[in-house]
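The structure appears below as C-alpha cells.
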Amino acid sequence: MHLVIKPLEFVLTYLLRAGRYIATAAIGLMVLIILLQVFMRYVLNSALPWPDEAARFLMLWMTGLMAPSAYRWGGFVAIDTFSDLLGRRSGLILNLFILLLSLAVLVVALQLGLKHIKSGWLFNSSSLKIPLQIIGEEPIRLKLAWMYMSVYVGFVGLVLVNIEMLLKNLHMLFSDVDYGDVPDQTVMSAE
Amino acid sequence: MLVWFLPLFLVFILIGTPIFFAMLASPGILMWVTDTTRDWNLLYRNVYNGMDSFPLMAIPFFMLAGELMNRGGITMRLVAFSQALMGHLRGGLAQVNILSSILFAGLSGSAVADTSALGSMLIPAMEKEGYSRRFAAAITAASSVIGPIIPPSGIMIIYAFVMGESVAALFLGGIVPGILVGVGLMLAVRLLADKYELPAAHKVELNPEPLSFVEYWLSFLLVRLNLTALIYAFAPVTEETPGTTKLLYAGAALVGSHVAALLMRRAVSPEFRSVCKRAALPLQTPVLILGGILGGVFTPTEAAAVAVAYAFLISFFVLRSLTLKALPSVLMRAAITSSTVLLLVGAAIAFKVIVALSHLPENMAEFVLGLTSNPLLLLFLINLVLFIVGMFLDAGPAIIILGPILAPIFIDLGIHPIHFAIIMSVNLTVGLATPPMGLVLFVASAVSGEKVQSIARTILPFLLVEIIVIFMITYIPAISLAVPSFFGFVEW
Amino acid sequence: ADYNLRVQVGSNINDEDYDGIVVFKDFVEAASNGAISVEVFAGTQFCANGAECLQSVADGTIDVAMTTSSGGAGIFPYIQVFDLPYLMRDDRVAEEVLRGGDFVNLLRAKALEDSGGAIRLMTIGNTGGWRNFANTKRVVREPADIAGLKIRTVVADLPQELVKALGASPTPIPWPELFTSFQTGVVEGSKNGITDIMGMKFPEAGLQYITLDGHAYMGALWWMNNEKIQSLPADLQHVVNNGFYALQQATFASPKRKAIQAYQDFVEGGGNIYVPTVEQKTAFKDAAAPVYDWFRSNVRGGSEVIDALIAASADAEAKIDSMNGMAIK
Ligand code: NA
Ligand code: NA
C-alpha cells in the first residue's frame, strides 16, 4: 500500500505547492489591477476596458489552483459532529462512503468540464487580448476556454487529492496504521 | 419528485459530507433518477458561472485585508485603544472585547477573522485577569458576529449580489444594528457580572510604545481632518453657497477642530493620548471605505481592494510592522480561505438550479402564506426559520439559497427590501455563533482550546441578547433604514 | 406532447421578451395541435448572460434563448452591427429590415457556420425600443454636451468606441453595481432603453436627463438549437417558424406600448426628456463616424454585415416612402 501512497503523496505535495505559488501571485495581481482601474477612472478620468475581466480571470485561477490544497488540508466545510460519535472502524467506513460520493461528483465533473472547455473555444473574451501589437502584429482575443480551464484544473487536483485520501482510508481500514497531517499543512479556517 | 433533493442533501451534510460536494451530489442524483442528466451540464456551468462574478472579488480582498491587519499589528492597537476607553470598568476586559469587535468590524468583513484575530489576543489576557476560559471564548464568539453586520461586510456583498440590491444601502443599513448588538452585549456583561464572578473594576495601566515621527504627524493631521469634516458637515452649506463662503466655513472648522483637539489633550493623560493616536491610522479604514464609496471614488468591490492597499501601506511604511518576507504567506492564507468560500458560492448557485426546477420556493411561499397573511406574524415565523437554518448552514450559502425564495414574498407584503435584507443578514450572522454548525464557535474553540460544547453553553445568555436585537430590528424598520435614507440611498 | 421545447427568457416577466414568448407558446402549442409543448423558464436558472445562454443552446440544455446584440457578441461579433449608431431611420425601417431578406439570411448563415452548425438564428425582434443617452448631470442637446461625462458601457469594444468618439469617457461598471454607481457618482450616464432605466429605478439614483437620440436599435436575437429544429417533422418546423414570426411581431409592438407609461413615470419623477432637432441628430451622426470605420476594420465579418444592413435599410426606406406616397395619393 505504501508503495502506491507514498509516490502519490510526494507528487501531490509538489504539484499543489506550485499551484499555491501561482495562486498567491494571482491574488496580489488582482489587488493591483483593481487599484489601477480606480486610479485610471477617478484620477485620469479614462477607465480601462480590461481590468474587470482580467481580475476575474485571476480570481478563477486562484480558486482552481488553491482548491486542492484546501481540500487536502481539511478546509472544506463539513459537519463532523456525527462522525466524531463513531468508533474508529465505523468512522472509517462512513468516511469511505463520503469519499466515494465525492469522487463520483468529481468524475462526472471531469466529463462535463471537458464539454464546457470545448464550448469555450467558440467564445472570445469581451476585453482580454494578447497584446501582439507590441511586436507589430494584430492583437489576438483570448478565448474563454482559458478561463474555463481554471475550474477544470481545480477539479483534476481535487480528484487526485480524493484518491490519495481514499487510499489512505482503505489502508487504515485494513490495518492499524494512522496517517497524520499531510506535508506542508497549515491551519485552515474558512469563513 | 425533484423535491427529494432536500432531504437527501440534509442527510449528506449531517453525516459529514463536505457541503461543496453535498450541494452537487444531491441534485445530481435526483436528476439521474428522473432521467434528466442533460441538466448536469447546468450544474457544472453554474458552479463556474457562480464564481465568475466581479462583486464576489470583495471576498478575497476582505480576507486579505484582515490577514494584513493581524500581521501588521493593527488589531493590537485597536485592543489597546478599547482598553484605554473601557478597561477600567467592572468586567473591563469583557467590555474591551466587545468594543474591539465593534471597532474591528469597521475594518473587516468577516466574523471568523474577528474571532481568530481578537480571540488569540484577548482570551489569554482575560484568563490572566481571572476570567474563566470558557467565558472569555464565549464573549469573543458572541461579539465577533458584529463583524459582518457593521460595514464592510462579506455577507451583505453576497446578498446584494444575489438579490440585485444596492451594496451601499445595505452597508449603511448595518451600522445601527451592529452597534445595537454591541451595546446589548455590553449591558448583558454588566448585568451578569455577579453571576459570572467577573473581576472587580481596577485601574488600567497603559504602556504605549512611543510613536514614530511620521506616525505622530500623520495621526495629528488625521484627527484634525476628521474633526474638521465632522464640524463642516453641520455648516449651513448648500449647492448655491459661493466657493469663498465654503472655504471660510472649512477654515473655521479646521480651527475649531484644532481647538477641540487641544481641549481634549488637556483632559486626558499623556498615555491615554498616545494610545488614541496609535489607533488613529487603523481607525481611518472605515472612514476611507465608506467615504470613498459615498463620495463616488470607487465601487464597494473596489473599496475592498483599497482597504487592502491601505492596510498594507500603513503596516509596511508607517508602522513598519510588516516585512516583505511575510507577504507571500499573508497572500497565501487569504487565497486559500477565499478559494473555499468561492467554491461554496459556485456550488450554491448550482444548487439554486434544482431549487428552481423543483418549484420548492413557490410551494414554500404558498405554505407560509397559507399559515397567516399578517406580515408581523410572518416576520416572526421567518425569523424562526432563518435562525434554525443558521444553526446548520453558513450565512453565505444560506443567503444564496434562501434569499431568492424569501425576499420576494416579504417585499410583496410591503417590507422594504433593504429592511428585509438586514433582518436576514443579521439573523444568519448570529447563526454563525450557534451550535451545532457555528463556524465562529469552532474558531473560538480552536483559538482558546476550550471544548465547543462548553462555549456553546456559556454563550446562551449572549445569544438571547442577540435574538432580542433581531426582533428589535424586525419590528422597528428605522433601525435599518434611517441611516441609508439619510444618505439618500433608500426612499422610505 | 411528442416534442418539448425548453425556452429561457430573462428574469423579468414584465419584459417584452416575455410577452413575445407567451405569444410563441400559445401559437406553437395551438398550431401544432398539442404535438409540441413549450416550457418557459423565466429567470436565470439556466443561463444568466448572453454567452451562457448561447452555450446552453449549443449543448442542448435549453432549446430556445434570446440574447441582445452585445450579449451574443462574444461568439458572433458581427451582430454588434445593431449597436452601430443611426443606421436605421426609425421603427418602421427597422421592422421592414428585420422581417427577413438578404441581411437576416446573411446573419443566420454566418452564425450557423461560426457555431459549427449548432446554433440557428430564428428571428430578430426588439427588446426595450432604442438606446438613448441618459445622464445625471445636464441636458444633452449636441455632442459637445456629452463630452467629459463618464458613461457606463458594457465590457465590449464597440459601445466604448462610440462613447469615446463623442468625447465622453467609457466606464465599464457591472450591471449589479450600476445603481449605486449613479448614486455615488462613479459614473454619470449610461446608454439604455427607457424600460430598463425605469425597471432598475435609475432615476431614483439621479439619472434625470434623457436625450432621445435613438442611437441604437435594441435588437433581440432569438436562437434555437439547430439539431432540435432539424429533428422536427417538416410541418412542425413550419409551425415553429411561424411561431417565431408571431413572437417577432409581438416584441415589435410591446415596447412601444410599454414606453408610454415608462416615459410618463420618468417625467413625473422629475425627469427631463430632450428631443434633438434634425441638425443636432446629424451632428451626433457625424461625431460617431469613426465607429463605422472601427467596425469595418476590427470586427471579423464586419464590412460584409454593415454593407448588407446599409443596403437593406436603403431598400426599406425606399419601399416605405413609396408606400407612404401611394397612401396619400
Ligand atoms: Na465589518
Ligand atoms: Na450556526
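The values are calculated or read from the model by the stated rules, or taken from the named source; none is laboratory data. This structure is a prediction, so every number in the text was calculated from the model and none was measured. Here the Cβ positions follow ideal geometry from the backbone for every residue, glycine too, while neighbour counts run over all protein chains shown. Note: areas computed on protein heavy atoms with side chains; ligands, DNA, RNA excluded. Shrake-Rupley method; radii C 1.70, N 1.55, O 1.52, S 1.80 Å.
Numerical summary
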| quantity | calculated |
| --- | --- |
| Net +/- balance of residues flanking A:Glu53 in space, Cβ distance below 13 Å, scoring K and R +1, D and E -1 | +1 |
| Choice from A:Lys168, A:Lys115, A:Lys143 showing the highest fluctuation, given a GNM over chain A with Cα pairs closer than 10 Å | A:Lys115 |
| Alpha-carbon radius of gyration plus Dmax, which is the widest Cα pair, for the stretch B:310-454 in Å | 19.9, 62 |
| Scaled radius of gyration (Cα, divided by 2.2 N^0.38 Å) that the stretch B:209-268 gives | 1.35 |
| Per residue solvent-accessible surface (Å²) - chain B, probe of 1.4 Å | 38 Å² |
| Aspartates and glutamates whose Cα lies under 12 Å from that of C:Lys137, excluding same-chain neighbours fewer than 8 positions away | C:Asp145, C:Glu188 |
| Lysines with Cα under 29 Å of A:Lys115, excluding same-chain neighbours fewer than 8 positions away | A:Lys129, A:Lys143, B:Lys352, C:Lys110, C:Lys228 |
| Size of the A/B contact, given as accessible area buried on both chains, probe 1.4 Å, in Å² | 5300 Å² |
| Partners for B:Lys277 among aspartates and glutamates (Cα-Cα distance below 18 Å; same-chain residues under 8 apart left out) | B:Glu205, B:Glu209, B:Glu215 |
| Angle in degrees between helix B:111-128 and the longest Cα principal axis of chain B, rounded to the nearest 10 | 60 degrees |
| Normalised contact order of chain B, rounded percent, pairs of Cα under 8 Å and 6 or more residues apart | 26 percent |
| Mean-position separation - Cα centroids, the stretch B:87-148 and the stretch B:323-401, in angstrom | 26 Å |
| Sum of side-chain charges, A:Leu8 neighbourhood, beta-carbon under 14 Å (Lys, Arg +1; Asp, Glu -1) | +1 |
| Segment B:Asp35-B:Asn363, extension gain: residue separation times 0.36 nm, minus the distance between their alpha carbons | 115.8 nm |
| Amide hydrogen neighbours beyond the local backbone of C:Thr171, cut-off 5 Å, H modeled | C:Ile151, C:Arg152, C:Thr153 |
| From phi via Karplus (6.51, -1.76, 1.60), per-residue ³J(HN,Hα) for the stretch C:60-74 in Hz, x at Gly/Pro | x, 5, 10, 9, 9, 8, 10, 10, 7, 5, 6, x, x, 5, x |
| Check: chain B dipole with +1 on Lys, Arg Cβ and -1 on Asp, Glu Cβ, in debye | 1440 debye |
| Whole-percent carbon and sulfur share, accessible surface of the stretch B:209-268, 1.4 Å | 74 percent |
| Accessible area buried between chains C and B, both sides summed, probe 1.4 Å, in Å² to nearest 100 | 2000 Å² |
| Environment charge of C:Glu142, counting only residues whose C-beta is closer than 13 Å and scoring Lys/Arg +1, Asp/Glu -1 | 0 |
| Distance from the stretch C:263-310 to the stretch C:46-61 (C-alpha centre basis), Å | 29 Å |
| Rounded tilt (10° steps) of B:19-33 against the dominant C-alpha axis of chain B | 20 degrees |
| Label-to-label distance, nm, for residues given as C:Met326 and B:Ser120 (7 Å Cα→Cβ offset) | 8.4 nm |
| Net dipole in debye of chain C [+1 Lys, Arg Cβ; -1 Asp, Glu Cβ; about Cα centre; nearest 20] | 560 debye |
| Value of relative contact order over chain A, rounded to a whole percent, pairs C-alpha under 8 Å and six or more apart | 29 percent |
| In order through the stretch B:214-229: 3J(HN,Hα) via Karplus (6.51 cos²θ - 1.76 cosθ + 1.60), integer Hz, x for Gly, Pro | 4, 5, 4, 6, 4, 5, 3, 5, 4, 4, 5, 5, 4, 4, 4, 4 |
| In degrees, nearest ten, helix A:51-72 long axis to first principal axis of chain A (Cα) | 10 degrees |
| For the stretch A:2-173: accessible area per residue (Å², 1.4 Å) | 45 Å² |
| FRET efficiency estimate (nearest 0.05) - Cβ-Cβ, C:Ile310 to C:Asn4, R0 41 angstrom | 0.50 |
| Nonlocal amide H pairs with A:Ser125, under 5 Å, H built at 1.01 Å | A:Leu142, A:Lys143, A:Leu144 |
| Gaussian network model of chain C, springs between alpha carbon atoms under 10 Å - residue of C:Gly125, C:Gly116, C:Gly50 with greatest fluctuation | C:Gly116 |
| Paramagnetic label zone (point 7 Å from Cα along Cα-to-C-beta, C:Gln261; backbone N under 16 Å) in the stretch C:197-212 | C:197-201 |
| P(r) of the protein assembly as shown over all Cα-Cα pairs, binned every 10 Å from zero, in whole percent | 2, 10, 19, 24, 21, 14, 7, 3, 1, 0, 0 |
| At least 15 Å along the helix axis (C-alpha) and Kyte average at least 0.5, DSSP helices within chain C | C:302-328 |
| Between the stretch B:40-69 and the stretch B:447-492, the Cα center-to-center distance that results, in Å | 26 Å |
